[in-house]
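> Here you go, one structure.
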Amino acid sequence: METNNNVDIPAEELLSLLKQQIDFFENRMAERCGMKLYKSANGFTQKEIYEYAGAKDCVATLTLNQESAKVFGESLTVVFVYYQKDRMAIEKNKMALNEISNVKAKELLGKLDRSLYDLLLKDGIPTKDIVEMLVGPASEENNTYTSPLLRKPKVLEIPFEGEDNGNDIHFMYGALCHFIADGIELTPEEHNEYLAYKIVLEREKLTEKEREEIFDKNGAIVNQEVGYFWLLWKKKAGKLTEKNKTDLMLLSQNRIANRFSLADKELQSMGLSFEKLAKSYPEKAALLFSKIITFHEHRYNVVGKHLLYMSFKSFLHIYLRHVKELAVENQFGERSKFQLAEKDLKATMDIVLGSLNDEYQTYKEEHPNNRFFRKGNMAYYYNGDYYDVDILPDGQIGSFYKRVDK
(Lines give C-alpha, C1' and ligand atoms only; values in the text may rest on other atoms or scores of the structure.)
Protein backbone atom coordinates (compact mmCIF):
# COMPACT_ATOMS: atom_id res chain seq x y z
CA MET A 1 0.00 0.00 0.00
CA GLU A 2 1.55 3.24 -1.15
CA THR A 3 1.38 6.41 0.93
CA ASN A 4 1.73 9.95 -0.34
CA ASN A 5 4.21 11.90 1.82
CA ASN A 6 3.71 15.14 -0.11
CA VAL A 7 1.92 17.79 1.92
CA ASP A 8 0.01 20.50 0.11
CA ILE A 9 1.11 23.95 1.35
CA PRO A 10 -1.24 26.85 0.69
CA ALA A 11 0.00 29.29 -1.97
CA GLU A 12 -0.11 32.23 0.46
CA GLU A 13 2.16 30.40 2.90
CA LEU A 14 4.57 29.48 0.10
CA LEU A 15 4.77 33.11 -0.97
CA SER A 16 5.39 34.16 2.63
CA LEU A 17 8.20 31.60 3.02
CA LEU A 18 9.72 32.70 -0.29
CA LYS A 19 9.59 36.34 0.78
CA GLN A 20 11.30 35.47 4.09
CA GLN A 21 14.09 33.68 2.22
CA ILE A 22 14.54 36.61 -0.16
CA ASP A 23 14.63 39.06 2.75
CA PHE A 24 17.13 36.86 4.56
CA PHE A 25 19.52 36.72 1.59
CA GLU A 26 19.12 40.43 0.86
CA ASN A 27 20.00 41.28 4.46
CA ARG A 28 23.00 38.93 4.38
CA MET A 29 24.27 40.59 1.18
CA ALA A 30 23.78 44.07 2.68
CA GLU A 31 25.64 43.09 5.86
CA ARG A 32 28.56 41.72 3.83
CA CYS A 33 28.90 45.18 2.27
CA GLY A 34 28.70 46.90 5.65
CA MET A 35 25.17 48.08 4.96
CA LYS A 36 21.77 47.57 6.52
CA LEU A 37 18.46 46.97 4.80
CA TYR A 38 15.17 48.20 6.24
CA LYS A 39 11.75 47.44 4.77
CA SER A 40 8.26 48.67 5.56
CA ALA A 41 5.23 48.39 3.30
CA ASN A 42 3.64 51.35 5.10
CA GLY A 43 6.67 53.62 5.02
CA PHE A 44 8.83 54.88 7.86
CA THR A 45 8.43 57.41 10.66
CA GLN A 46 10.70 60.43 10.97
CA LYS A 47 12.12 58.82 14.11
CA GLU A 48 13.06 55.66 12.21
CA ILE A 49 14.60 57.57 9.29
CA TYR A 50 16.70 59.64 11.66
CA GLU A 51 17.85 56.66 13.71
CA TYR A 52 18.64 54.49 10.67
CA ALA A 53 20.38 57.10 8.52
CA GLY A 54 19.85 60.78 9.35
CA ALA A 55 21.67 61.07 12.68
CA LYS A 56 25.04 60.06 11.24
CA ASP A 57 24.53 61.41 7.71
CA CYS A 58 24.56 57.93 6.19
CA VAL A 59 24.03 57.47 2.48
CA ALA A 60 20.71 55.70 1.85
CA THR A 61 19.29 54.15 -1.32
CA LEU A 62 15.52 54.46 -1.16
CA THR A 63 12.92 52.31 -2.89
CA LEU A 64 9.69 54.27 -3.39
CA ASN A 65 6.11 53.18 -3.74
CA GLN A 66 4.21 53.74 -6.96
CA GLU A 67 2.94 57.21 -6.08
CA SER A 68 6.35 58.81 -5.46
CA ALA A 69 8.03 56.66 -8.10
CA LYS A 70 5.98 58.51 -10.71
CA VAL A 71 7.76 61.71 -9.67
CA PHE A 72 11.27 60.67 -8.63
CA GLY A 73 11.69 57.20 -10.13
CA GLU A 74 11.66 53.88 -8.30
CA SER A 75 14.90 54.44 -6.39
CA LEU A 76 16.97 57.37 -5.12
CA THR A 77 20.38 57.52 -3.46
CA VAL A 78 20.39 60.35 -0.94
CA VAL A 79 21.54 61.84 2.31
CA PHE A 80 18.76 63.23 4.47
CA VAL A 81 18.74 66.97 5.16
CA TYR A 82 17.66 68.70 8.40
CA TYR A 83 17.44 72.32 9.43
CA GLN A 84 19.31 72.93 12.66
CA LYS A 85 16.09 73.54 14.63
CA ASP A 86 14.73 70.18 13.42
CA ARG A 87 17.92 68.32 14.30
CA MET A 88 17.96 69.96 17.72
CA ALA A 89 14.31 68.98 18.28
CA ILE A 90 14.71 65.32 17.33
CA GLU A 91 17.90 65.00 19.40
CA LYS A 92 15.91 66.15 22.44
CA ASN A 93 12.79 64.12 21.63
CA LYS A 94 13.00 61.29 19.08
CA MET A 95 9.27 61.66 18.32
CA ALA A 96 9.42 65.41 17.72
CA LEU A 97 9.23 65.27 13.91
CA ASN A 98 6.80 62.39 13.51
CA GLU A 99 3.92 64.73 12.67
CA ILE A 100 5.84 66.11 9.69
CA SER A 101 4.81 64.14 6.61
CA ASN A 102 7.84 64.77 4.38
CA VAL A 103 11.58 64.28 4.85
CA LYS A 104 14.05 66.44 2.90
CA ALA A 105 16.98 64.85 1.08
CA LYS A 106 19.87 65.60 -1.27
CA GLU A 107 20.08 63.30 -4.30
CA LEU A 108 23.66 62.13 -4.87
CA LEU A 109 23.92 60.37 -8.22
CA GLY A 110 22.70 63.12 -10.57
CA LYS A 111 19.67 61.11 -11.73
CA LEU A 112 17.22 63.98 -11.17
CA ASP A 113 16.89 67.11 -13.27
CA ARG A 114 17.38 70.46 -11.52
CA SER A 115 13.70 71.04 -10.75
CA LEU A 116 13.24 67.62 -9.12
CA TYR A 117 16.56 67.92 -7.28
CA ASP A 118 15.39 71.25 -5.82
CA LEU A 119 11.93 69.84 -5.03
CA LEU A 120 13.47 66.96 -3.05
CA LEU A 121 15.77 69.34 -1.21
CA LYS A 122 13.14 71.98 -0.44
CA ASP A 123 9.88 70.04 0.07
CA GLY A 124 11.12 66.50 0.52
CA ILE A 125 9.41 63.19 -0.06
CA PRO A 126 6.51 61.63 1.91
CA THR A 127 7.91 59.31 4.54
CA LYS A 128 5.01 56.92 3.94
CA ASP A 129 6.15 56.45 0.33
CA ILE A 130 9.57 55.06 1.29
CA VAL A 131 9.15 51.27 1.40
CA GLU A 132 12.81 50.26 1.57
CA MET A 133 16.07 51.84 2.77
CA LEU A 134 19.49 50.39 2.04
CA VAL A 135 21.74 52.32 4.41
CA GLY A 136 25.48 52.65 4.01
CA PRO A 137 28.06 52.48 6.82
CA ALA A 138 27.73 55.16 9.46
CA SER A 139 30.03 58.16 9.48
CA GLU A 140 32.72 58.28 12.13
CA GLU A 141 31.40 59.14 15.56
CA ASN A 142 33.21 62.48 15.70
CA ASN A 143 31.23 63.66 12.66
CA THR A 144 27.84 63.53 14.38
CA TYR A 145 25.93 66.64 15.33
CA THR A 146 25.99 65.93 19.07
CA SER A 147 29.64 64.94 19.44
CA PRO A 148 31.93 67.42 21.27
CA LEU A 149 35.02 66.04 19.50
CA LEU A 150 36.97 67.91 16.84
CA ARG A 151 35.81 67.39 13.27
CA LYS A 152 38.10 66.11 10.54
CA PRO A 153 37.25 67.33 7.03
CA LYS A 154 36.84 64.56 4.49
CA VAL A 155 39.56 65.40 2.00
CA LEU A 156 42.26 63.67 0.00
CA GLU A 157 45.44 65.70 0.25
CA ILE A 158 47.59 65.82 -2.88
CA PRO A 159 50.91 67.58 -2.22
CA PHE A 160 52.05 70.14 -4.78
CA GLU A 161 55.32 72.02 -4.81
CA GLY A 162 56.31 74.86 -7.11
CA GLU A 163 59.59 74.80 -8.96
CA ASP A 164 62.37 76.57 -7.08
CA ASN A 165 63.89 77.89 -10.31
CA GLY A 166 60.85 80.02 -11.16
CA ASN A 167 59.71 77.91 -14.11
CA ASP A 168 56.26 77.46 -12.55
CA ILE A 169 55.55 81.02 -13.70
CA HIS A 170 54.30 79.56 -17.00
CA PHE A 171 51.72 77.42 -15.22
CA MET A 172 50.57 80.22 -12.89
CA TYR A 173 50.38 82.83 -15.64
CA GLY A 174 48.51 80.38 -17.87
CA ALA A 175 45.95 79.71 -15.15
CA LEU A 176 45.35 83.43 -14.59
CA CYS A 177 45.01 84.02 -18.35
CA HIS A 178 42.49 81.17 -18.45
CA PHE A 179 40.40 82.84 -15.72
CA ILE A 180 40.44 86.14 -17.61
CA ALA A 181 39.49 84.48 -20.92
CA ASP A 182 36.55 82.76 -19.18
CA GLY A 183 35.37 86.03 -17.64
CA ILE A 184 36.29 84.92 -14.10
CA GLU A 185 37.22 87.90 -11.94
CA LEU A 186 40.66 87.83 -10.31
CA THR A 187 41.34 88.57 -6.66
CA PRO A 188 43.35 91.77 -6.04
CA GLU A 189 46.44 89.68 -5.32
CA GLU A 190 45.93 87.54 -8.42
CA HIS A 191 45.56 90.70 -10.52
CA ASN A 192 48.94 91.97 -9.31
CA GLU A 193 50.55 88.57 -9.88
CA TYR A 194 49.11 88.49 -13.41
CA LEU A 195 50.66 91.88 -14.24
CA ALA A 196 54.01 90.85 -12.74
CA TYR A 197 54.11 87.62 -14.76
CA LYS A 198 53.00 89.44 -17.91
CA ILE A 199 55.99 91.78 -17.54
CA VAL A 200 58.23 88.70 -17.61
CA LEU A 201 56.50 86.61 -20.28
CA GLU A 202 54.53 88.97 -22.54
CA ARG A 203 55.70 92.50 -21.84
CA GLU A 204 55.02 93.54 -25.43
CA LYS A 205 51.32 92.64 -24.97
CA LEU A 206 50.73 94.96 -21.99
CA THR A 207 47.80 97.27 -22.70
CA GLU A 208 48.12 101.01 -22.28
CA LYS A 209 45.91 100.80 -19.18
CA GLU A 210 48.15 98.10 -17.70
CA ARG A 211 51.29 100.10 -18.41
CA GLU A 212 49.84 103.13 -16.63
CA GLU A 213 48.99 100.94 -13.65
CA ILE A 214 52.50 99.47 -13.42
CA PHE A 215 55.08 102.05 -14.58
CA ASP A 216 55.93 105.71 -14.18
CA LYS A 217 56.79 107.92 -17.16
CA ASN A 218 60.39 106.65 -17.13
CA GLY A 219 59.37 103.00 -17.29
CA ALA A 220 60.17 102.18 -13.65
CA ILE A 221 57.76 99.93 -11.71
CA VAL A 222 55.90 102.12 -9.22
CA ASN A 223 53.09 99.72 -8.33
CA GLN A 224 54.48 98.20 -5.13
CA GLU A 225 52.33 95.05 -5.21
CA VAL A 226 53.21 94.28 -8.82
CA GLY A 227 56.86 95.02 -8.04
CA TYR A 228 56.76 92.67 -5.05
CA PHE A 229 55.56 89.68 -7.13
CA TRP A 230 57.97 90.53 -9.96
CA LEU A 231 60.89 90.52 -7.54
CA LEU A 232 59.70 87.30 -5.90
CA TRP A 233 59.86 85.62 -9.29
CA LYS A 234 63.35 87.03 -9.92
CA LYS A 235 64.43 85.63 -6.56
CA LYS A 236 63.13 82.15 -7.48
CA ALA A 237 64.83 82.36 -10.84
CA GLY A 238 68.12 83.45 -9.26
CA LYS A 239 68.14 86.78 -11.15
CA LEU A 240 68.10 89.33 -8.31
CA THR A 241 70.61 92.16 -8.52
CA GLU A 242 71.93 93.79 -5.33
CA LYS A 243 69.46 96.65 -5.81
CA ASN A 244 66.66 94.12 -6.38
CA LYS A 245 67.53 92.46 -3.05
CA THR A 246 67.26 95.78 -1.23
CA ASP A 247 64.00 96.65 -2.98
CA LEU A 248 62.47 93.25 -2.19
CA MET A 249 63.44 93.56 1.47
CA LEU A 250 61.79 97.02 1.69
CA LEU A 251 58.64 95.89 -0.11
CA SER A 252 58.39 92.82 2.15
CA GLN A 253 58.78 94.99 5.25
CA ASN A 254 56.09 97.39 4.02
CA ARG A 255 53.75 94.51 3.24
CA ILE A 256 54.21 92.97 6.70
CA ALA A 257 53.90 96.34 8.44
CA ASN A 258 50.60 96.99 6.67
CA ARG A 259 49.28 93.59 7.70
CA PHE A 260 50.36 94.13 11.31
CA SER A 261 48.50 97.42 11.30
CA LEU A 262 45.32 95.72 10.06
CA ALA A 263 45.73 92.91 12.60
CA ASP A 264 46.21 95.39 15.43
CA LYS A 265 43.03 97.27 14.41
CA GLU A 266 41.10 94.00 14.39
CA LEU A 267 42.48 93.10 17.83
CA GLN A 268 41.57 96.56 19.15
CA SER A 269 37.98 96.04 17.99
CA MET A 270 38.03 93.00 20.28
CA GLY A 271 39.44 94.94 23.24
CA LEU A 272 43.00 93.74 22.68
CA SER A 273 46.20 94.77 20.92
CA PHE A 274 49.13 92.88 19.46
CA GLU A 275 51.23 93.96 22.43
CA LYS A 276 48.68 92.62 24.94
CA LEU A 277 48.31 89.39 22.97
CA ALA A 278 52.07 88.82 22.87
CA LYS A 279 52.40 89.52 26.60
CA SER A 280 49.48 87.39 27.83
CA TYR A 281 49.30 84.73 25.11
CA PRO A 282 52.75 84.38 23.51
CA GLU A 283 51.90 81.10 21.73
CA LYS A 284 48.80 82.62 20.13
CA ALA A 285 50.77 85.71 19.13
CA ALA A 286 53.44 83.52 17.53
CA LEU A 287 50.81 81.59 15.54
CA LEU A 288 49.16 84.83 14.41
CA PHE A 289 52.55 86.24 13.40
CA SER A 290 53.28 83.18 11.23
CA LYS A 291 49.85 83.49 9.57
CA ILE A 292 50.41 87.19 8.86
CA ILE A 293 53.73 86.42 7.19
CA THR A 294 52.48 83.54 5.04
CA PHE A 295 48.89 84.52 4.20
CA HIS A 296 47.82 84.50 0.55
CA GLU A 297 44.39 85.39 -0.77
CA HIS A 298 42.42 82.24 -1.51
CA ARG A 299 39.65 81.84 -4.07
CA TYR A 300 36.75 79.38 -3.79
CA ASN A 301 35.35 79.68 -7.32
CA VAL A 302 37.23 78.15 -10.22
CA VAL A 303 34.05 78.40 -12.29
CA GLY A 304 31.60 81.28 -12.41
CA LYS A 305 32.60 84.86 -13.13
CA HIS A 306 31.64 86.28 -9.73
CA LEU A 307 34.57 86.34 -7.33
CA LEU A 308 34.36 84.37 -4.09
CA TYR A 309 37.50 84.58 -1.95
CA MET A 310 39.18 85.07 1.41
CA SER A 311 40.99 88.39 1.76
CA PHE A 312 43.40 89.25 4.56
CA LYS A 313 40.59 91.12 6.32
CA SER A 314 38.37 88.03 5.97
CA PHE A 315 41.12 85.92 7.49
CA LEU A 316 41.55 88.24 10.48
CA HIS A 317 37.83 88.46 11.17
CA ILE A 318 37.25 84.70 11.01
CA TYR A 319 40.41 83.37 12.64
CA LEU A 320 40.66 85.83 15.54
CA ARG A 321 37.04 85.34 16.56
CA HIS A 322 36.33 81.70 15.90
CA VAL A 323 39.55 79.62 15.86
CA LYS A 324 40.38 78.23 19.30
CA GLU A 325 44.14 78.31 18.78
CA LEU A 326 44.00 82.10 18.22
CA ALA A 327 41.03 83.14 20.35
CA VAL A 328 41.55 84.42 23.91
CA GLU A 329 39.38 84.02 26.99
CA ASN A 330 35.92 85.61 26.95
CA GLN A 331 36.22 86.59 23.29
CA PHE A 332 32.89 85.89 21.52
CA GLY A 333 32.08 82.88 23.67
CA GLU A 334 33.35 79.33 23.59
CA ARG A 335 30.26 78.07 21.78
CA SER A 336 30.97 80.15 18.66
CA LYS A 337 34.34 78.50 18.14
CA PHE A 338 34.91 75.98 15.36
CA GLN A 339 35.03 72.30 16.30
CA LEU A 340 38.09 72.16 14.09
CA ALA A 341 41.81 72.26 14.52
CA GLU A 342 43.20 75.44 12.95
CA LYS A 343 44.97 73.42 10.26
CA ASP A 344 41.64 71.85 9.18
CA LEU A 345 39.64 75.08 8.83
CA LYS A 346 40.94 75.88 5.34
CA ALA A 347 39.91 72.46 3.99
CA THR A 348 36.47 72.76 5.59
CA MET A 349 35.91 76.22 4.10
CA ASP A 350 37.04 74.90 0.70
CA ILE A 351 34.37 72.19 0.87
CA VAL A 352 31.53 74.38 2.18
CA LEU A 353 32.14 77.41 -0.05
CA GLY A 354 32.97 75.23 -3.04
CA SER A 355 29.63 73.46 -2.57
CA LEU A 356 27.82 76.81 -2.35
CA ASN A 357 29.48 78.28 -5.44
CA ASP A 358 26.79 77.32 -7.98
CA GLU A 359 24.09 78.80 -5.74
CA TYR A 360 26.22 81.90 -5.15
CA GLN A 361 26.90 82.42 -8.88
CA THR A 362 23.21 82.14 -9.72
CA TYR A 363 22.29 84.63 -7.00
CA LYS A 364 24.95 87.13 -8.11
CA GLU A 365 23.72 87.00 -11.70
CA GLU A 366 20.37 88.30 -10.45
CA HIS A 367 21.71 90.53 -7.63
CA PRO A 368 25.26 91.61 -8.62
CA ASN A 369 25.49 94.38 -5.99
CA ASN A 370 24.04 92.46 -3.05
CA ARG A 371 25.54 90.46 -0.23
CA PHE A 372 24.98 86.70 -0.21
CA PHE A 373 23.76 85.04 2.99
CA ARG A 374 23.35 81.50 4.21
CA LYS A 375 22.12 81.88 7.78
CA GLY A 376 19.46 80.74 10.22
CA ASN A 377 17.42 77.88 8.76
CA MET A 378 19.56 78.11 5.63
CA ALA A 379 22.87 77.62 7.48
CA TYR A 380 25.00 75.13 5.55
CA TYR A 381 25.35 71.69 7.14
CA TYR A 382 28.62 69.80 6.78
CA ASN A 383 30.29 67.06 8.81
CA GLY A 384 28.25 67.50 11.98
CA ASP A 385 28.07 71.31 12.12
CA TYR A 386 25.96 74.15 10.71
CA TYR A 387 27.84 77.13 9.26
CA ASP A 388 26.60 80.70 8.83
CA VAL A 389 28.08 82.34 5.74
CA ASP A 390 28.08 86.01 4.72
CA ILE A 391 29.74 87.12 1.47
CA LEU A 392 30.24 90.84 0.82
CA PRO A 393 29.18 92.44 -2.50
CA ASP A 394 32.75 92.35 -3.83
CA GLY A 395 33.11 88.61 -3.17
CA GLN A 396 35.12 88.76 0.07
CA ILE A 397 34.05 86.41 2.85
CA GLY A 398 32.47 88.74 5.42
CA SER A 399 31.93 86.06 8.05
CA PHE A 400 32.04 82.29 8.36
CA TYR A 401 31.40 80.56 11.66
CA LYS A 402 29.82 77.59 13.36
CA ARG A 403 26.18 78.37 14.15
CA VAL A 404 25.41 78.35 17.87
CA ASP A 405 22.52 76.21 19.12
CA LYS A 406 19.57 78.33 20.20
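> When you count, for each residue, the other Cβ atoms within 10 Å and take the mean per peptide, how do 66-73, 202-209, 390-397 rank with the highest first?
Output ranking for 66-73, 202-209, 390-397: 390-397, 66-73, 202-209.
> Another question, if that's okay. Efficiency by 1/(1 + (r/R0)^6): what FRET value for residue 101 and residue 39, r their Cβ-Cβ distance, R0 = 25 Å, to the nearest 0.05?
Efficiency, from the Cβ-Cβ distance: 0.80.
> At 1.4 Å probe size, with the rest of the protein present, what percent of the exposed accessible area of the chain is carbon and sulfur atoms?
Answer for the chain: carbon and sulfur cover 54 percent of the accessible area.
> Oh, and also: For the range 115-123, just list the computed ³J(HN,Hα) in residue order, Karplus coefficients 6.51, -1.76 and 1.60, θ = phi - 60°, integers in Hz, with x standing in for Gly and Pro.
5, 6, 4, 5, 4, 5, 6, 8, 9
> Residue 276: accessible area at probe 1.4 Å, nearest 10 Å²?
For residue 276, solvent-accessible area is about 110 Å².
> Nearest 10 degrees, 0 to 90: what angle lies between the long axis of helix 11-32 and the longest principal axis of the chain (Cα atoms)?
Orientation of helix 11-32: about 30 degrees from the principal axis.
> Could I ask something else about it? Which whole-Hz ³J(HN,Hα) couplings does the range 165-180 yield from phi under the Karplus relation 6.51 cos²θ - 1.76 cosθ + 1.60, θ = phi - 60°, glycine and proline marked x?
My calculation for the range 165-180 gives 8, x, 6, 5, 4, 5, 5, 5, 5, x, 5, 5, 4, 5, 4, 4 Hz in order.
> Still on this structure, please answer the following. At 7 Å along the Cα-to-beta-carbon direction for both residue 278 and residue 375, put a label point, then send me their distance in nm to one decimal.
Label at residue 278, label at residue 375, 3.6 nm between them.
> Provide 290, 314, 269 ordered by accessible surface of protein heavy atoms (probe 1.4 Å), highest first.
269, 290, 314
> Please compute the per residue accessible area over the range 66-137 with all protein chains in place, 1.4 Å probe, rounded to a whole number of Å². Can you show the working numbers first?
Numbers: 3890 Å² over 72 residues.
Computed with neighbouring chains in place, this is 54 Å² per residue.
> Related question: Do the sum for the chain: with -39,500 (n - 2.57) for every DSSP H run of n ≥ 4, divided by all residues, what is the mean residue ellipticity at 222 nm, to the nearest 500 deg cm²/dmol?
Only helices count here, giving -14000 deg cm²/dmol.
> How far apart, in nanometres, would the label points at residue 216 and residue 362 be if each is projected 7 angstrom from Cα along the Cα-to-Cβ direction?
Reported label-point gap for residue 216 and residue 362 is 5.2 nm.
> Please find the FRET efficiency linking residue 71 to residue 93, where r is the Cβ-Cβ separation and R0 is fixed at 25 Å, and quote it to the nearest 0.05.
Details: r = 31 Å, r/R0 = 1.23.
Calculated transfer efficiency: 0.25.
> So I have [x] 36.9, 127; [y] 28.5, 124; [z] 21.6, 63, and one of them is Rg and Dmax of the Cα atoms in Å calculated from this model. Which one is it?
[y]
> Here is a further query. Charges on Cβ only, +1 for Lys and Arg, -1 for Asp and Glu, centred on the Cα centroid of the chain; of 103, 145, 277, which one is farthest towards the dipole's positive end?
Checking the options against the dipole of the chain, the answer is 277.
> In addition: Probe radius 1.4 Å, ligands and nucleic acids left out: which of 61, 77 has the largest accessible area, and how do the rest follow?
Numbers: 61 45, 77 20 Å².
These residues rank, largest area first, as 61, 77.
> Using alpha carbon centroids, what distance separates the range 203-268 and the range 352-406, in Å?
Centre-to-centre (Cα) distance: 33 Å.
> With the cut-off at 26 Å, tell me which of the pairs 85/284; 47/343; 279/402; 343/375 have Cα atoms farther apart than that.
85/284; 47/343; 279/402
> Nearest 20 debye, what's the magnitude of the dipole of the chain about its Cα centre given +1 on Lys and Arg Cβ and -1 on Asp and Glu Cβ? Kindly include the intermediate steps, with their values, before the conclusion.
Numbers: 56 positive and 63 negative charges, 302 e Å.
For this selection, approximately 1440 debye.
The values are calculated or read from the model by the stated rules, or taken from the named source; none is laboratory data. Since this is a predicted model, take the numbers as computed values, not measurements. Here the Cβ is made from the backbone with ideal geometry for all residues, glycine too, and neighbour counts use every protein chain on show. SASA here: full protein model, heavy atoms, side chains in, ligands and nucleic acids out. Shrake-Rupley method; radii C 1.70, N 1.55, O 1.52, S 1.80 Å.
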